[in-house]
1. Identify, by number, the condition in (1) under 13 Å from residue B:40 (Cα atoms); (2) facing chain B (nearest Cβ under 7 Å) that residue A:36 doesn't meet.
2. Would you mind stating whether residue A:84 is under 17 Å from residue B:66 (Cβ atoms) and within 33 Å of the chain's Cα centre (by Cα)?
3. State whether the residues of region B:98-121 include one that is more than 23 Å from residue A:78 (Cα to Cα), modelled with pLDDT under 85 and in a helix (DSSP H, G or I).
4. Any chance region B:59-74 includes a residue that's over 19 Å from the mean Cα position of the chain (by Cα) and more than 20 Å from residue B:111 (Cα to Cα)?
5. List the number of the failed condition for residue B:45; all other conditions in (1) modelled with pLDDT of 85 or more; (2) surrounded by 14 or more Cβ atoms within 10 Å (Cβ to Cβ); (3) within 9 Å of chain A (Cβ to nearest Cβ) hold.
6. Kindly indicate whether residue A:94 is under 22 Å from residue B:30 (Cα atoms), out of contact with any strand residue (DSSP E or B) (no Cβ under 6 Å at 6 or more places or on another chain) and surrounded by 15 or more Cβ atoms within 10 Å (Cβ to Cβ).
7. Residue by residue through region A:94-122, note down the ones that are within 10 Å of another protein chain (Cβ to nearest Cβ) and assigned to a loop (DSSP other than H, G, I, E, B).
8. Please specify each residue of region B:28-41 satisfying the condition of being within 7 Å of another protein chain (Cβ to nearest Cβ), in a helix (DSSP H, G or I) and surrounded by fewer than 18 Cβ atoms within 10 Å (Cβ to Cβ).
């Protein structure tokens, strides 16, 4: 399309995306014009009408968003869209536009026009196959890093927006880590004068004797234990 | 009695409208608009429109399609009116009917009714005095 300025599309990724979406919209608009009976169009004319279609879409979106925001909502609903449509269609006029006073939006002629349009017009499917696009709904999708340690669990993390960095995987404790943790606790026991207990109330270590470690409860389970006590403050 | 019946009627009317709207939104899922859903979502997201409902996206796409179709219909009528005013013999007219080309003239006339002013330069000249000299130069 714009062969005279290739460097703009390459250096600026958002420009290339808008050019791409503009090209797609141009195909759709050309199809609509063709279905109406036109066999061709001038090059400039097609660009103008595509630009107008894009502006129309954006105006509906802006008006609907504004009407939702002024009513204290962040998401637009059907009434907001009808307000936007009535606003745009009021230039041509529609039955009921001159009504003064509160009237039901859902009964407006703007929607009724659309209903009859859908009923009586055949479908025109889009001509070109579209590439599959990533869904940016904030559903916690994040690509896995090369070592595979950082990832986002899709089922559990749906509330997290996708632009946040991933939480690290909670590491399954090895034998080494388990042993070190126990040794640390024993060190506190032997060196300090206080007693300690696991936060969950499981006193898993037998006092007296640093060689016998008895683990009550289930062994090899993922747990995070806090040692509360007067010890020598030795870090684990 | 009268007031009761008059109170019931607007409620029934509203209920009918809501039912018609619900049916319409459901039927929208069967009707595929020409503008693909992803493209519409791209433009809506660019303008700050947030809605998880797919039916509203389709509604906006259908509304845009209807607008463009109306503009194209009006331009077609202008084009046909222009052709029928040029009176020629029947063979030429049939040939022209098969090829209707959307021109800038027809489009600007059609868009004027919708509140869009499109003005198009008919030609661009090299200099301000180009084409003005009608007298022959070499005498």
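The values are calculated or read from the model by the stated rules, or taken from the named source; none is laboratory data. On a predicted model such as this, the values are computed, not experimentally measured, just so you know. All Cβ positions, even for glycine, are placed from backbone atoms using ideal geometry, and neighbour counts span all protein chains on display.
1. The one condition residue A:36 does not meet is (1).
2. Values: under 17 Å from residue B:66 (Cβ atoms): yes; within 33 Å of the chain's Cα centre (by Cα): yes.
For residue A:84, the condition - under 17 Å from residue B:66 (Cβ atoms) and within 33 Å of the chain's Cα centre (by Cα) - is met.
3. Looking through region B:98-121, at least one residue is more than 23 Å from residue A:78 (Cα to Cα), modelled with pLDDT under 85 and in a helix (DSSP H, G or I).
4. We begin by selecting, within region B:59-74, every residue over 19 Å from the mean Cα position of the chain (by Cα); these are none.
No; the residues of region B:59-74 include none that is over 19 Å from the mean Cα position of the chain (by Cα) and more than 20 Å from residue B:111 (Cα to Cα).
5. Among (1) modelled with pLDDT of 85 or more; (2) surrounded by 14 or more Cβ atoms within 10 Å (Cβ to Cβ); (3) within 9 Å of chain A (Cβ to nearest Cβ), residue B:45 violates only (2).
6. Details: under 22 Å from residue B:30 (Cα atoms): no; out of contact with any strand residue (DSSP E or B) (no Cβ under 6 Å at 6 or more places or on another chain): yes; surrounded by 15 or more Cβ atoms within 10 Å (Cβ to Cβ): yes.
No.
7. Within region A:94-122, A:104, A:108, A:121, A:122 qualify.
8. Residue satisfying the conditions is B:38 alone.
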